[in-house]
1. Which is modelled with pLDDT under 90 and either out of contact with any helix residue (DSSP H, G or I) (no Cβ under 8 Å at 6 or more places or on another chain) or not small (Gly, Ala, Ser) (or both), of Phe53, Phe103?
2. Keeping to region 83-109, report how many residues are assigned to a strand (DSSP E or B), within 12 Å of Leu52 (Cα to Cα) and either without any contact (Cβ under 8 Å) to a residue 40 or more places away in the chain or more than 16 Å from the chain's Cα centre (by Cα) (or both).
3. Within region 37-76, work out how many residues are among the aliphatic types (A, V, I, L, M) and surrounded by 15 or more Cβ atoms within 10 Å (Cβ to Cβ).
4. Tally time: how many residues in region 70-90 are more than 13 Å from Met39 (Cα to Cα) and modelled with pLDDT of 90 or more?
5. Every residue in region 53-69 that is in a strand (DSSP E or B) and over 12 Å from the mean Cα position of the chain (by Cα), please.
Amino acid sequence: MSRLTLAFAMWISVLAPTAFAQESIQFVSNQPCDNVVTMARKVTTEYNEKPLFSGDITQLNAQDDNWYRSSTMLFVNQETSTWSLISLYPDGTSCMVAAGINFAPYISK
């Protein structure tokens, strides 16, 4: 088992009992959406974020209770520590799934 996997497993075993003891929270949110070019331009020019990685995700649509697959990209600004997670759909639409601050790489000890 890698050190990262072991650290994550230990973290989950410590936090899970308190995290899951609370009532379950369900989010219904609006995600700002636009065409891929416009959305990418927004995060790269307004926030000076650059692509860090991409991958595939599956999201549950709260309105129709269906699962949707999309590609996703994480953009970060390593100077200001802002980040944006954007989903890219096959029809050319992209949506801001989440955005935040205090982005930092994980450092294993």
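1. Phe103
2. Going through region 83-109 one residue at a time, the tally reaches 2.
3. 6
4. Qualifying residue count, region 70-90: 10.
5. Leu60, Trp67, Tyr68, Arg69
The values are calculated or read from the model by the stated rules, or taken from the named source; none is laboratory data. Quantities reported herein were computed from a predicted structural model and do not represent experimental measurements. Counting neighbours? That spans all protein chains shown, and the Cβs are built from the backbone with ideal geometry, glycine included.
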